[in-house]
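Presented below is the structure to which this report refers.
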Protein chains: 2
Amino acid sequence: MPTDIEIAQSVSLRPIGEIAAHLGLEDDEWEPYGRTKAKVTLEALQRRLTQPRIGRLIYVTAITATAAGEGKTCTAIGLTQGLGKVGRQATVCLREPSLGPTFGIKGGAAGGGYAQVVPMEEINLHFTGDIHAVGTAHNLLAAVIDNHLSKGNALRIDPNRVVWRRVMDMNDRELRQVVVGLGGPANGVVRETGFDITVASEVMAILCLADSITDLKERLGRMLVAYTYEGEPVYARDLGVHGAMAALLRDAFRPNLVQTLEGQPAFVHGGPFANIAHGNNSILATELALRLSELVVTEGGFGADLGAEKFFDIVHGYTGLTPDVVVLVASVRALHMHGGVSKREVEQANPEALLAGMPNLIRHIENVQRFGLPVVVAINRFPTDAPEELELIRTRCAEMGVPVALSDVVARGGEGGVELAAAVLDALDQRPADFRPLYHWNLPITEKLDRLATQIYGADGVELSPAAQKQVREAERNGWGQLPLCVAKTQHSLSDDPDLKGAPTGWKLRVREIRPSLGAGFLVCLAGDVMTMPGLPTHPAAERVDIDASGRITGLF
Amino acid sequence: MPTDIEIAQSVSLRPIGEIAAHLGLEDDEWEPYGRTKAKVTLEALQRRLTQPRIGRLIYVTAITATAAGEGKTCTAIGLTQGLGKVGRQATVCLREPSLGPTFGIKGGAAGGGYAQVVPMEEINLHFTGDIHAVGTAHNLLAAVIDNHLSKGNALRIDPNRVVWRRVMDMNDRELRQVVVGLGGPANGVVRETGFDITVASEVMAILCLADSITDLKERLGRMLVAYTYEGEPVYARDLGVHGAMAALLRDAFRPNLVQTLEGQPAFVHGGPFANIAHGNNSILATELALRLSELVVTEGGFGADLGAEKFFDIVHGYTGLTPDVVVLVASVRALHMHGGVSKREVEQANPEALLAGMPNLIRHIENVQRFGLPVVVAINRFPTDAPEELELIRTRCAEMGVPVALSDVVARGGEGGVELAAAVLDALDQRPADFRPLYHWNLPITEKLDRLATQIYGADGVELSPAAQKQVREAERNGWGQLPLCVAKTQHSLSDDPDLKGAPTGWKLRVREIRPSLGAGFLVCLAGDVMTMPGLPTHPAAERVDIDASGRITGLF
């Protein structure tokens, strides 16, 4: 099979104007970025978002994945292509790729095989510049905070309590913890700080949650950036550059339109982390797609305990958006892993391990059902899957009354997504959603945490570190207690321990820190080590990327 | 008078396709970025650059400027507009603005008043993402070097001799000198390093000097990044990611097309510093414009001792490009400064100070003439200028046989540039260029330095620090002695001391370090303190920038 980039480069793309017209966008409602990318104008957004939603929302999530991922993005794209094959008008909404992982382990993040969004190289490399804009806005604020410290510090910011770090769109472990301001007073104040990867910035989360430029600017102003010597919070608006930050984000705020390999509309916009942020593409893109398209497919980061839960409890709360059906992506190899098989052997048939790993799938199904949402299991097919193992999954799901479909979209594109498309359409017809969030925002923080831990992750309860207990009290005293929670825990387990596979029980969620993301509008609860600046592997993917004399890029995958 | 951004927003822009068509570009030779920006395709570049140059090149430079700058960019744009007013087809080629100064002291860098390139906000904020691409390519290499150090260090790189720093497109003094890799072995190797502003990156210089993707990649591979424990040079190609870096730069490599306020073509592309780099826009943009336009106006950074000299000695050597005429921008207030007037009083009439400051102008005129090029002095008019002082300048230049024209383009746009346009056209007709570079590249390094110091800067000679003497020997031993020189000295004086105004004599150029920029293809000779990461002022320009609910940006100037 050809590589992803070979497939992507072998397809003739439709001019982006055709895609826009097919969606019903007028000529003045979008602007081209090259011949095959576009951004929707702010005027069009303002006009369209006052109209009623006409589309039904299909939310793609996954079981707890292997390190390689289980193909949520491919499935979302391939399902869209499959819906197209059966004659339906569908649009996919995705997060945009970060350069760090592209050059690290992961390669590209625009789908794979015959289920991709294109132009693949451009989406993976800079795209329309949104992530760079987020990084610049973030780092402008950082520079202004440090400038304030070195120019008299009128706000009395404690240099040891600046919580606003810097960002870079790169996997650069060397920058996780740094000392800045060395070399004498002309170089500012010496202090310890660090860099996160840009998509971990609260600015990215805000970009994805704001519903207007005004909302964007206000959210930026609300961000907590430091504490004074007296322990009082300092907000971004106190530094006076949230207007400049919003100006830097003006174009990044506008959803990007591209296409699937089969010529359907794809909004690829925003990309917050699914641990310290909510992990879903911009609400503007999803809301817009729901005004333009009969069926809208979207996906969230990591497993259903992370991205999906955050969509249901955070995004829903800010927007009222609810899915009509949830597609839960599983794979034979991931179930093997949950059944105790080592990384090297997950591709070998092993029905016992598969059955032993099934509780992870079951737990995620039950979790989705707890929100009152119908679920369809999509088995993302790999060439090594044994038919009897696929049958075992079907049988177990049938016992639970949950529809299952094989998805073979990486190998076969839309054709490989027809079975899943049919199952999804059937669920939309037959299985009405009756959505209810897991918790009301006005519950006490510890009560909200307890619900998440026990009802979603399967823990026996929650253990707060002494520091976290103090932060909970502070948060409630500062009036932040009514915010939804964003638990930052490992994506490699339903628990907070990456080594616990399956559906772990008999453990407690250990929360070590509460970090208020006041602009995004949630309290990040850190459980375990959460990586906000990845490192590169010994041989980074960047070593394989190249360009020839004609400008053709190779080695992305 | 309205502000720059008010003027820019009051003008109806022509669709960029009209500008491209006016230049004779076919529809498939450019790609839109929004409705009023475009990039020329690589195919078009390959095709066009094999054709002969048809245009004449007008190079705009300046005397030693005040801290506020003397209006080179405005003059270049206004001259282009003036040439348009007298019925000539002219294109302007400029550097693109860096976000650091935009949010620091300077405000925007797309001209001013009625002499601007537009869309002004977009050119100043991210534009088409070129500078972000440069920063990403630069920082990818930095991350890979540190990754190499922490993954076995097969190349035996001495962590204390990594010369490749990181970059950020921000004025952030706090990052000038940092310690990275803190927090234990998982976070890499502890070492001292720092950040420069992105436009100071050698990658930016390369982007502006490379003539093809192949050349771009080769130059990136040639960059010196570190030394081994044994003192041997380590090049970027040894890390194996110069292909990925070139891939990241693919779109940034393509010249950007925008327009002047009066609807003429403007290529705004690349923006290297004029001290540690050569300070001129991309050669691709200039070469392309010379194939498409009868008259091409371009400008270089800082005074004629910096940007212009580097164009004549570095850019010419790599491309064969020579100007047909040089416009030297002067102003009454700058001549006051050179005559010893304090910063606060430069706007008050003071004919004696003006005459006392004249040697700076004269020296720059003689310098340009030394290259065999005809020169036209443009007096950039400020509202406070006294007529008798303007007359004094005219008289003095007339004595030297040098044409002078008043330029009133900031206040009056193209109409204010007609006098200058006429003088330039007259010089093109009447004053043939007989270009000769200052030195042959194959002279010894110290001989080249001596020529620059004595013949351009007016020094008595050169003093090399012991370290620089050693570096000269090393450079010659390593085979880098035949590269042209790029002197990094203050832009505030013809000398290496920013406080010496006028045309200082009786001093020696003190060179403290030789820094090989092997990818760009020159040896940077550092004379005095050269700032490669600016800081923010007490009240950064960012505090004034804002955006309203409709997305209109205000406060750029």
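Readers should treat all values here as calculations from the given coordinates under stated rules, not as data from a laboratory. Treat the numbers as computed from the prediction; the structure is a model and nothing was measured. Neighbour counts run over all protein chains shown; Cβ positions are idealised from the backbone, glycine included.
Here are the numbers:
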quantity: Inter-site label distance for A:GLU513 and B:SER465 at 7 Å from Cα along Cβ, in nm; calculated: 3.9
quantity: Under the Karplus curve 6.51 cos²θ - 1.76 cosθ + 1.60, θ = phi - 60°, whole-Hz ³J(HN,Hα) for the range A:280-292, x wherever Gly or Pro sits; calculated: 10, 5, 4, 5, 4, 5, 5, 4, 5, 4, 5, 8, 10
quantity: Among B:ALA421, B:ALA467, B:TRP441 the positive-end extreme of the charge dipole of the range B:405-482 (Cβ point charges); calculated: B:ALA467
quantity: Efficiency of FRET between A:ARG88 and B:GLU388 - r from beta-carbon atoms, R0 56 angstrom, step 0.05; calculated: 0.10
quantity: Within chain A, helix-based [θ] at 222 nm, where runs of 4 or more DSSP H residues each add -39,500 (n - 2.57), nearest 500; calculated: -9500 deg cm²/dmol
quantity: Angstrom value of the Kirkwood radius, inverse mean 1/r, which spans all Cα pairs in chain A; calculated: 23.8
quantity: Estimated dipole of chain A in Debye, rounded to 20 [Cβ of Lys and Arg +1, of Asp and Glu -1, Cα centre]; calculated: 1000
quantity: Relative contact order for the range B:71-230, counting Cα pairs under 8 Å that sit 6 or more residues apart, in percent; calculated: 21
quantity: Inter-copy label distances at A:ARG344 (7 Å, Cα→Cβ; nm, one decimal); calculated: 7.8
quantity: Dipole magnitude (debye, nearest 20) for the range A:193-295, charges at Cβ of Lys, Arg, Asp, Glu; calculated: 200
quantity: Under 5 Å, built H, 5+ apart or other chain: amide partners of A:VAL325; calculated: A:LEU57, A:TYR59
quantity: Distance between the range B:239-266 and the range A:482-541 - C-alpha centres, whole angstrom; calculated: 39
quantity: Estimated inter-spin distance, B:LEU155 and A:THR50, nm [label 7 Å along Cα→Cβ]; calculated: 5.8
quantity: Residue pairs, from the table A:LYS151/B:LYS72; A:LYS39/B:LYS72; B:LYS72/B:LYS343, whose Cα atoms sit over 26 Å apart; calculated: A:LYS151/B:LYS72; A:LYS39/B:LYS72
quantity: Amide proton proximity set for B:PHE557, modelled H, under 5 Å, gap of 5+; calculated: B:GLY108
quantity: Anchor A:LYS470: aspartates and glutamates whose Cα lies under 12 Å away (excluding residues fewer than 8 positions away in-chain); calculated: A:GLU513
quantity: Ranked by how many other beta carbons lie within 10 Å on average, peptides A:293-299, A:43-49 from highest; calculated: A:293-299, A:43-49
quantity: Karplus 3J(HN,Hα) series, Hz, for the range B:496-512 with 6.51 cos²θ - 1.76 cosθ + 1.60 (x for Gly, Pro); calculated: 9, 10, x, 7, 8, 9, x, 10, x, 10, x, 9, 10, 6, 9, 9, 9
quantity: Nearest-first distances (nm) between copies at B:GLY240, label 7 Å from Cα via Cβ; calculated: 5.1
quantity: Separation in nanometres of the label points that stand 7 Å from Cα toward Cβ, at B:MET1 and A:GLN430; calculated: 7.4
quantity: In Hz, Karplus ³J(HN,Hα) per residue of the range A:438-444 (6.51, -1.76, 1.60; θ = phi - 60°; x = Gly, Pro); calculated: 6, 8, 7, 4, 7, 5, x
quantity: Stretchable slack from B:GLU352 to B:ASP211, in nm (0.36 nm times residue separation minus alpha-carbon distance); calculated: 45.9 nm
quantity: Residue mean of other protein chain beta carbons inside 10 Å, A:212-221; calculated: 2
quantity: Shielding by partners, peptide B:188-197 (average Cβ within 10 angstrom, other chains); calculated: 3
quantity: Bridge type composition, chain A - antiparallel percent by DSSP, nearest 5; calculated: 45
quantity: Dipole axis of the protein assembly as shown (+1 Lys, Arg; -1 Asp, Glu on Cβ), positive-most option in A:LEU42, B:ILE276, B:LEU335; calculated: B:ILE276
quantity: Cα centre as origin, Lys/Arg/Asp/Glu Cβ charges: the range B:445-527 dipole, Debye; calculated: 160
quantity: Loop-located GluC sites (Glu not before Pro) in the range B:156-259, at most 13 other Cβ atoms within 10 Å (DSSP); calculated: B:GLU230
quantity: The protein assembly as shown: C-alpha gyration tensor shape, a/c 1.5 cut-off, then a/b vs b/c; calculated: prolate
quantity: Convex hull per residue volume in Å³, alpha carbons only, for the range B:130-248; calculated: 99
quantity: Overall dimensions of the range A:339-409 by Cα: Rg and Dmax, Å; calculated: 12.6, 37
quantity: Listed residue (B:SER201, B:THR66, B:MET170) projecting farthest to the positive dipole end of chain B, Cβ model; calculated: B:SER201
quantity: Peptide A:116-126, shielding by other chains (average Cβ, 10 Å cutoff); calculated: 2
quantity: Mean Cβ neighbour count within 10 Å, used as a protection proxy, ranking A:493-499, A:366-372, B:58-64 highest first; calculated: B:58-64, A:493-499, A:366-372
quantity: Dimensionless Rg over Rh [the range A:445-527; C-alpha; Kirkwood]; calculated: 0.97
